[in-house]
Amino acid sequence: MSDAAPPIDLDGLRDDGLARIAAATSTDDLKSVEGDVTGKRSALLEARKSLGQLAPEDRKTAGQALNEVKTTLEAAMDARRSELAAVELATQLESERLDLTEVPTGVTVGHAHPVTQAWDELEDVFVGMGYRVAEGPGIETDWHNFDALNIPKGHPARDGFDTLYVEHGPPGSTLLRTHTSPVQIRTMLAQEPPIYIVAPGRVFRRDTADATHLPVFHQIEGLVIDKGISLADLAGTIEAFTTAYFGPGYTSRLRPNYFPFTEPSAEFDVQRPDGSWLELGGCGMVHPNVLRAGGVDPEEWSGFAFGFGIDRLASIKFGISDIRNYFRNDVRFLSQF
Ligand code: DAH
(Lines give C-alpha, C1' and ligand atoms only; values in the text may rest on other atoms or scores of the structure.)
Protein backbone atom coordinates (compact mmCIF):
# COMPACT_ATOMS: atom_id res chain seq x y z
CA MET A 1 0.00 0.00 0.00
CA SER A 2 2.78 2.40 0.85
CA ASP A 3 4.03 2.15 -2.68
CA ALA A 4 0.65 3.39 -3.96
CA ALA A 5 0.71 6.58 -1.86
CA PRO A 6 1.78 9.61 -3.94
CA PRO A 7 4.72 11.47 -2.41
CA ILE A 8 3.60 14.57 -0.50
CA ASP A 9 5.36 17.68 -1.74
CA LEU A 10 5.58 19.48 1.64
CA ASP A 11 7.92 22.24 0.47
CA GLY A 12 5.65 22.92 -2.49
CA LEU A 13 2.56 23.11 -0.20
CA ARG A 14 4.32 25.48 2.16
CA ASP A 15 5.79 27.80 -0.50
CA ASP A 16 2.55 27.93 -2.45
CA GLY A 17 0.58 28.72 0.75
CA LEU A 18 3.01 31.44 1.86
CA ALA A 19 2.89 33.04 -1.59
CA ARG A 20 -0.92 33.15 -1.59
CA ILE A 21 -1.00 34.57 1.95
CA ALA A 22 1.47 37.30 1.01
CA ALA A 23 -0.60 38.14 -2.07
CA ALA A 24 -3.85 38.65 -0.14
CA THR A 25 -4.92 42.30 -0.48
CA SER A 26 -7.59 42.56 2.25
CA THR A 27 -8.77 40.76 5.36
CA ASP A 28 -11.77 39.46 3.35
CA ASP A 29 -9.45 38.24 0.63
CA LEU A 30 -7.30 36.55 3.28
CA LYS A 31 -10.35 34.70 4.60
CA SER A 32 -10.88 32.93 1.27
CA VAL A 33 -7.13 32.26 0.94
CA GLU A 34 -7.33 30.62 4.37
CA GLY A 35 -9.98 28.17 3.08
CA ASP A 36 -7.71 27.25 0.17
CA VAL A 37 -4.49 26.95 2.16
CA THR A 38 -5.44 25.31 5.49
CA GLY A 39 -9.22 24.81 5.23
CA LYS A 40 -11.48 21.97 4.21
CA ARG A 41 -10.77 22.44 0.50
CA SER A 42 -7.04 22.68 0.98
CA ALA A 43 -4.29 20.53 -0.47
CA LEU A 44 -2.95 20.34 3.08
CA LEU A 45 -6.10 18.57 4.26
CA GLU A 46 -5.96 16.24 1.26
CA ALA A 47 -2.37 15.39 2.15
CA ARG A 48 -3.40 14.72 5.74
CA LYS A 49 -6.07 12.30 4.55
CA SER A 50 -3.51 10.46 2.46
CA LEU A 51 -1.39 9.82 5.57
CA GLY A 52 -3.50 6.75 6.20
CA GLN A 53 -2.03 5.13 3.14
CA LEU A 54 1.51 5.34 4.49
CA ALA A 55 3.27 2.56 6.26
CA PRO A 56 2.83 3.00 10.04
CA GLU A 57 6.53 3.70 10.54
CA ASP A 58 6.45 6.54 7.98
CA ARG A 59 3.09 7.92 9.13
CA LYS A 60 4.41 9.59 12.29
CA THR A 61 7.26 11.51 10.64
CA ALA A 62 5.10 12.55 7.73
CA GLY A 63 2.35 13.68 10.16
CA GLN A 64 4.80 15.79 12.15
CA ALA A 65 6.18 17.33 8.97
CA LEU A 66 2.64 18.19 7.84
CA ASN A 67 1.82 19.77 11.20
CA GLU A 68 4.93 21.94 10.98
CA VAL A 69 3.84 23.22 7.57
CA LYS A 70 0.35 23.90 8.95
CA THR A 71 1.77 25.85 11.93
CA THR A 72 4.01 27.89 9.61
CA LEU A 73 1.10 28.74 7.33
CA GLU A 74 -1.17 29.68 10.26
CA ALA A 75 1.46 31.97 11.74
CA ALA A 76 1.96 33.65 8.37
CA MET A 77 -1.82 34.08 8.11
CA ASP A 78 -2.04 35.72 11.57
CA ALA A 79 0.77 38.11 10.76
CA ARG A 80 -0.74 39.04 7.39
CA ARG A 81 -4.17 39.52 9.01
CA SER A 82 -2.84 42.05 11.56
CA GLU A 83 -0.97 43.87 8.81
CA LEU A 84 -4.03 44.14 6.58
CA ALA A 85 -6.31 45.10 9.51
CA ALA A 86 -3.96 47.94 10.46
CA VAL A 87 -3.95 49.30 6.92
CA GLU A 88 -7.73 49.04 6.71
CA LEU A 89 -8.19 50.88 10.03
CA ALA A 90 -5.83 53.65 8.97
CA THR A 91 -7.70 54.04 5.68
CA GLN A 92 -11.02 54.20 7.48
CA LEU A 93 -9.80 56.77 10.03
CA GLU A 94 -8.37 58.92 7.27
CA SER A 95 -11.65 58.82 5.33
CA GLU A 96 -13.67 59.74 8.42
CA ARG A 97 -11.30 62.50 9.54
CA LEU A 98 -12.87 65.88 10.33
CA ASP A 99 -10.67 68.92 10.03
CA LEU A 100 -11.49 70.96 13.09
CA THR A 101 -8.46 73.22 12.85
CA GLU A 102 -9.90 75.54 10.26
CA VAL A 103 -10.90 78.97 11.63
CA PRO A 104 -14.15 80.00 9.98
CA THR A 105 -13.92 83.41 8.35
CA GLY A 106 -15.87 86.28 9.90
CA VAL A 107 -15.06 85.45 13.54
CA THR A 108 -14.15 88.64 15.38
CA VAL A 109 -11.51 88.88 18.06
CA GLY A 110 -12.20 91.21 20.98
CA HIS A 111 -10.11 94.21 21.91
CA ALA A 112 -9.61 96.58 24.83
CA HIS A 113 -12.38 99.05 25.73
CA PRO A 114 -11.71 102.56 24.35
CA VAL A 115 -11.20 103.92 27.88
CA THR A 116 -8.70 101.12 28.60
CA GLN A 117 -6.91 101.90 25.35
CA ALA A 118 -6.59 105.58 26.35
CA TRP A 119 -5.49 104.57 29.88
CA ASP A 120 -2.76 102.27 28.49
CA GLU A 121 -1.57 104.86 26.02
CA LEU A 122 -1.35 107.53 28.74
CA GLU A 123 0.70 105.21 30.93
CA ASP A 124 3.00 104.52 27.96
CA VAL A 125 3.52 108.23 27.27
CA PHE A 126 4.37 109.07 30.90
CA VAL A 127 6.48 105.95 31.47
CA GLY A 128 8.35 107.03 28.33
CA MET A 129 8.99 110.39 30.07
CA GLY A 130 10.47 108.61 33.11
CA TYR A 131 7.39 108.44 35.34
CA ARG A 132 6.36 105.47 37.48
CA VAL A 133 2.73 104.26 37.66
CA ALA A 134 1.23 104.51 41.18
CA GLU A 135 -2.08 103.29 42.59
CA GLY A 136 -4.41 104.03 45.45
CA PRO A 137 -7.65 102.56 46.80
CA GLY A 138 -11.09 103.37 45.36
CA ILE A 139 -12.51 103.55 48.89
CA GLU A 140 -10.67 106.38 50.64
CA THR A 141 -10.59 108.14 53.94
CA ASP A 142 -12.03 111.63 54.09
CA TRP A 143 -8.58 112.74 55.25
CA HIS A 144 -6.68 111.49 52.13
CA ASN A 145 -9.41 112.65 49.75
CA PHE A 146 -9.91 116.13 51.28
CA ASP A 147 -8.07 117.29 54.45
CA ALA A 148 -4.60 116.29 53.32
CA LEU A 149 -5.25 118.01 50.00
CA ASN A 150 -5.85 121.31 51.79
CA ILE A 151 -9.65 120.94 51.71
CA PRO A 152 -10.56 120.99 55.43
CA LYS A 153 -14.08 120.26 56.71
CA GLY A 154 -16.42 123.12 55.84
CA HIS A 155 -14.27 124.19 52.86
CA PRO A 156 -16.56 125.23 49.97
CA ALA A 157 -14.55 123.06 47.54
CA ARG A 158 -16.02 119.98 49.24
CA ASP A 159 -19.49 120.90 47.96
CA GLY A 160 -18.26 120.79 44.37
CA PHE A 161 -17.40 117.12 44.62
CA ASP A 162 -20.83 115.44 45.17
CA THR A 163 -19.22 112.83 47.35
CA LEU A 164 -20.57 109.31 47.86
CA TYR A 165 -19.93 108.19 51.43
CA VAL A 166 -19.51 104.63 52.61
CA GLU A 167 -20.92 103.30 55.88
CA HIS A 168 -17.64 102.57 57.63
CA GLY A 169 -16.24 104.13 60.78
CA PRO A 170 -17.59 107.48 62.05
CA PRO A 171 -20.13 109.05 59.63
CA GLY A 172 -18.35 110.96 56.84
CA SER A 173 -14.96 109.37 57.50
CA THR A 174 -14.95 106.94 54.54
CA LEU A 175 -15.91 107.63 50.93
CA LEU A 176 -15.56 106.57 47.32
CA ARG A 177 -12.68 108.73 46.13
CA THR A 178 -13.93 111.70 44.14
CA HIS A 179 -10.60 112.18 42.32
CA THR A 180 -7.19 110.52 41.96
CA SER A 181 -5.48 113.33 43.91
CA PRO A 182 -5.35 111.31 47.20
CA VAL A 183 -2.75 109.10 45.47
CA GLN A 184 -0.46 112.17 45.72
CA ILE A 185 -0.69 111.95 49.52
CA ARG A 186 -0.29 108.16 49.65
CA THR A 187 2.76 108.31 47.37
CA MET A 188 4.47 111.05 49.38
CA LEU A 189 3.83 109.15 52.62
CA ALA A 190 5.17 105.93 51.10
CA GLN A 191 8.37 107.19 49.49
CA GLU A 192 11.00 109.88 49.78
CA PRO A 193 11.33 112.48 47.02
CA PRO A 194 12.29 112.78 44.23
CA ILE A 195 8.89 111.57 43.01
CA TYR A 196 7.77 111.24 39.41
CA ILE A 197 4.47 109.35 39.24
CA VAL A 198 1.21 109.11 37.33
CA ALA A 199 -1.83 107.50 38.94
CA PRO A 200 -4.63 106.44 36.62
CA GLY A 201 -7.75 105.19 38.37
CA ARG A 202 -11.49 104.99 38.81
CA VAL A 203 -13.28 107.80 40.63
CA PHE A 204 -16.88 108.30 41.81
CA ARG A 205 -19.30 111.20 42.16
CA ARG A 206 -22.97 111.49 43.05
CA ASP A 207 -23.98 112.52 39.55
CA THR A 208 -26.87 111.61 37.27
CA ALA A 209 -25.58 110.09 34.05
CA ASP A 210 -26.02 112.26 30.95
CA ALA A 211 -24.13 112.65 27.68
CA THR A 212 -21.13 114.24 29.42
CA HIS A 213 -21.32 112.95 33.03
CA LEU A 214 -21.11 109.54 34.65
CA PRO A 215 -21.18 108.70 38.36
CA VAL A 216 -18.17 106.44 37.73
CA PHE A 217 -15.35 107.68 35.56
CA HIS A 218 -11.56 107.68 35.29
CA GLN A 219 -8.81 110.18 35.94
CA ILE A 220 -5.07 110.25 35.66
CA GLU A 221 -3.09 112.16 38.26
CA GLY A 222 0.48 113.32 37.89
CA LEU A 223 2.87 114.30 40.68
CA VAL A 224 6.45 115.51 40.49
CA ILE A 225 8.44 116.42 43.61
CA ASP A 226 12.09 117.31 43.29
CA LYS A 227 14.55 120.07 44.10
CA GLY A 228 13.98 123.39 42.30
CA ILE A 229 10.84 122.37 40.38
CA SER A 230 9.12 125.46 38.93
CA LEU A 231 6.03 126.42 36.95
CA ALA A 232 8.22 126.30 33.81
CA ASP A 233 8.78 122.58 34.41
CA LEU A 234 5.02 122.09 34.68
CA ALA A 235 4.33 124.00 31.44
CA GLY A 236 7.10 122.11 29.63
CA THR A 237 5.79 118.76 30.85
CA ILE A 238 2.21 119.53 29.75
CA GLU A 239 3.53 120.58 26.33
CA ALA A 240 5.69 117.45 25.97
CA PHE A 241 2.75 115.27 26.96
CA THR A 242 0.44 117.05 24.47
CA THR A 243 2.72 116.37 21.50
CA ALA A 244 3.50 112.82 22.63
CA TYR A 245 -0.15 111.86 23.09
CA PHE A 246 -2.00 113.86 20.42
CA GLY A 247 0.73 114.30 17.80
CA PRO A 248 3.06 116.99 16.46
CA GLY A 249 0.32 119.40 15.27
CA TYR A 250 -0.97 119.92 18.83
CA THR A 251 0.11 122.47 21.42
CA SER A 252 -0.95 123.48 24.96
CA ARG A 253 -1.56 126.50 27.20
CA LEU A 254 -2.16 127.15 30.91
CA ARG A 255 -4.94 129.45 32.14
CA PRO A 256 -5.09 130.68 35.76
CA ASN A 257 -7.62 128.83 37.88
CA TYR A 258 -8.15 127.84 41.49
CA PHE A 259 -7.61 124.47 43.18
CA PRO A 260 -7.10 124.15 46.94
CA PHE A 261 -4.21 121.68 46.56
CA THR A 262 -2.08 123.80 44.22
CA GLU A 263 -0.77 127.37 44.35
CA PRO A 264 -0.63 128.80 41.77
CA SER A 265 -3.23 126.69 39.95
CA ALA A 266 -4.11 126.49 36.30
CA GLU A 267 -6.43 124.88 33.84
CA PHE A 268 -4.62 123.37 30.86
CA ASP A 269 -5.99 123.41 27.35
CA VAL A 270 -4.85 121.67 24.20
CA GLN A 271 -4.99 123.35 20.79
CA ARG A 272 -5.87 121.22 17.77
CA PRO A 273 -4.16 121.71 14.38
CA ASP A 274 -7.32 123.56 13.21
CA GLY A 275 -6.77 126.17 15.94
CA SER A 276 -9.66 125.15 18.24
CA TRP A 277 -9.07 124.64 21.97
CA LEU A 278 -9.98 121.72 24.25
CA GLU A 279 -10.18 122.08 28.02
CA LEU A 280 -8.37 119.08 29.40
CA GLY A 281 -7.61 119.30 33.11
CA GLY A 282 -6.22 121.06 36.15
CA CYS A 283 -2.68 121.54 37.36
CA GLY A 284 -0.46 123.70 39.50
CA MET A 285 2.41 123.89 41.96
CA VAL A 286 1.78 121.59 44.92
CA HIS A 287 0.54 123.66 47.90
CA PRO A 288 2.95 123.70 50.89
CA ASN A 289 0.13 122.36 53.12
CA VAL A 290 -0.18 119.36 50.81
CA LEU A 291 3.57 118.73 50.89
CA ARG A 292 3.49 118.88 54.69
CA ALA A 293 0.53 116.46 54.85
CA GLY A 294 2.62 114.08 52.77
CA GLY A 295 5.59 114.44 55.12
CA VAL A 296 7.62 116.47 52.59
CA ASP A 297 9.47 119.62 53.71
CA PRO A 298 8.35 122.59 51.51
CA GLU A 299 11.59 124.42 52.33
CA GLU A 300 13.60 121.70 50.69
CA TRP A 301 11.34 120.36 47.95
CA SER A 302 8.85 121.72 45.47
CA GLY A 303 6.67 120.11 42.88
CA PHE A 304 3.79 120.23 40.49
CA ALA A 305 0.65 118.15 40.02
CA PHE A 306 -1.94 117.69 37.33
CA GLY A 307 -5.11 115.69 36.83
CA PHE A 308 -7.60 115.09 34.04
CA GLY A 309 -10.37 112.76 32.90
CA ILE A 310 -9.44 109.70 30.84
CA ASP A 311 -13.01 109.12 29.60
CA ARG A 312 -13.16 112.68 28.31
CA LEU A 313 -9.79 112.34 26.64
CA ALA A 314 -10.91 109.10 24.95
CA SER A 315 -14.19 110.70 23.80
CA ILE A 316 -12.22 113.56 22.24
CA LYS A 317 -9.80 111.17 20.59
CA PHE A 318 -12.48 108.81 19.25
CA GLY A 319 -15.18 111.43 18.61
CA ILE A 320 -17.69 109.96 21.08
CA SER A 321 -20.56 112.35 21.77
CA ASP A 322 -22.41 110.42 24.50
CA ILE A 323 -20.12 108.90 27.13
CA ARG A 324 -22.95 106.73 28.51
CA ASN A 325 -22.08 104.43 25.61
CA TYR A 326 -18.93 103.46 27.51
CA PHE A 327 -21.05 101.46 29.94
CA ARG A 328 -23.76 100.08 27.67
CA ASN A 329 -21.75 97.05 26.56
CA ASP A 330 -23.16 97.32 23.05
CA VAL A 331 -20.75 95.65 20.60
CA ARG A 332 -22.05 97.83 17.77
CA PHE A 333 -20.56 100.78 19.69
CA LEU A 334 -17.46 99.07 21.10
CA SER A 335 -16.36 97.38 17.86
CA GLN A 336 -15.78 100.79 16.25
CA PHE A 337 -12.72 101.56 18.36
N1 DAH B 1 -8.47 116.63 41.38
C2 DAH B 1 -8.98 117.61 40.46
C3 DAH B 1 -10.41 117.20 40.06
O4 DAH B 1 -10.76 116.12 40.22
C5 DAH B 1 -8.13 117.68 39.22
C6 DAH B 1 -6.82 118.28 39.50
C7 DAH B 1 -6.61 119.65 39.42
C8 DAH B 1 -5.75 117.50 39.87
C9 DAH B 1 -5.42 120.23 39.68
C10 DAH B 1 -4.52 118.07 40.17
C11 DAH B 1 -4.37 119.44 40.06
O12 DAH B 1 -3.48 117.35 40.53
O13 DAH B 1 -3.14 120.04 40.33
O14 DAH B 1 -11.13 118.06 39.61
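The values are calculated or read from the model by the stated rules, or taken from the named source; none is laboratory data. Being a predicted model, the structure only gives us computed values, none of them experimental. Note that we place each Cβ from the backbone using ideal geometry, even for glycine, and neighbour counts take in every protein chain shown. With ligands, DNA and RNA removed, areas are computed over all heavy atoms of the protein, side chains included. Shrake-Rupley method; radii C 1.70, N 1.55, O 1.52, S 1.80 Å.
If the condition is being farther than 25 Å from Arg202 by Cβ, of a type outside the set (Asp, Glu) and within 14 Å of the ligand (Cβ to nearest atom), then region 218-237 contributes Ile229, Leu231, Leu234, Ala235. Screening Phe306 against (1) outside any strand (DSSP E or B); (2) within 20 Å of Tyr131 (Cβ to Cβ); (3) under 36 Å from the mean Cα position of the chain (by Cα) leaves a single unmet condition, (1).
In region 221-241, the condition of being open to solvent by 30 Å² or more (accessible area, probe 1.4 Å), β-branched (Val, Ile, Thr) and assigned by TED's automatic domain parsing to the domain that holds Thr174 is met by no residue. Leu84: touching a residue at least 60 places away in the same chain (Cβ under 8 Å), assigned to a helix (DSSP H, G or I), touching a helix residue (DSSP H, G or I) at 6+ places or on another chain (Cβ under 7 Å) and closer than 21 Å to Gly17 by Cα, yes or no? Yes. The set of residues in region 294-333 that are in contact with a helix residue (DSSP H, G or I) (Cβ under 7 Å, 6 or more places away or on another chain) and of a type in the set (Asp, Glu) contains only Asp311. Evaluated against (1) touching a residue at least 40 places away in the same chain (Cβ under 8 Å); (2) more than 10 Å from the ligand (Cβ to nearest atom); (3) farther than 25 Å from Thr116 by Cβ, Thr262 falls short on exactly one condition, (2).
Considering each of Arg312, Arg292, Arg255 in turn, give the residue that is loosely packed, with under 15 Cβ neighbours inside 10 Å and either within 29 Å of the chain's Cα centre (by Cα) or assigned to a strand (DSSP E or B) (or both). Before you say what the answer is, go through the steps one by one.
Numbers: Arg312 fails: loosely packed, with under 15 Cβ neighbours inside 10 Å; Arg292 fails: either within 29 Å of the chain's Cα centre (by Cα) or assigned to a strand (DSSP E or B) (or both).
None of the others qualify; the one that does is Arg255.
Evaluate region 265-281: report whether one residue or more is in a helix (DSSP H, G or I), open to solvent by 60 Å² or more (accessible area, probe 1.4 Å) and within 16 Å of the ligand (Cβ to nearest atom). Looking for residues that are in a helix (DSSP H, G or I), open to solvent by 60 Å² or more (accessible area, probe 1.4 Å) and within 16 Å of the ligand (Cβ to nearest atom), one finds none in region 265-281, hence no. Would you confirm whether or not region 318-334 contains a residue that is more than 13 Å from the ligand (Cβ to nearest atom) and part of a strand (DSSP E or B)? No, the conditions are met nowhere in region 318-334. Looking only at region 134-162, count how many residues are open to solvent by less than 10 Å² (accessible area, probe 1.4 Å) and within 12 Å of the ligand (Cβ to nearest atom). Number satisfying all stated conditions: 4.
On inspection, Tyr196 passes the criterion of being touching a Phe, Trp or Tyr at 6+ places or on another chain (Cβ under 9 Å), more than 10 Å from the ligand (Cβ to nearest atom) and not small (Gly, Ala, Ser).
The criterion of at least 3 residues that are open to solvent by 50 Å² or more (accessible area, probe 1.4 Å) and under 24 Å from Arg81 (Cα atoms) is met by the following helices (runs of 4 or more DSSP H) wholly inside region 1-71: 10-23, 27-37. Taking the criterion of being of a type in the set (A, V, I, L, M, F, W, C) and either surrounded by 20 or more Cβ atoms within 10 Å (Cβ to Cβ) or in contact with a strand residue (DSSP E or B) (Cβ under 9 Å, 6 or more places away or on another chain) (or both), the residues of region 163-196 that qualify are Leu164, Val166, Leu175, Leu176, Val183, Ile185, Met188, Ile195.
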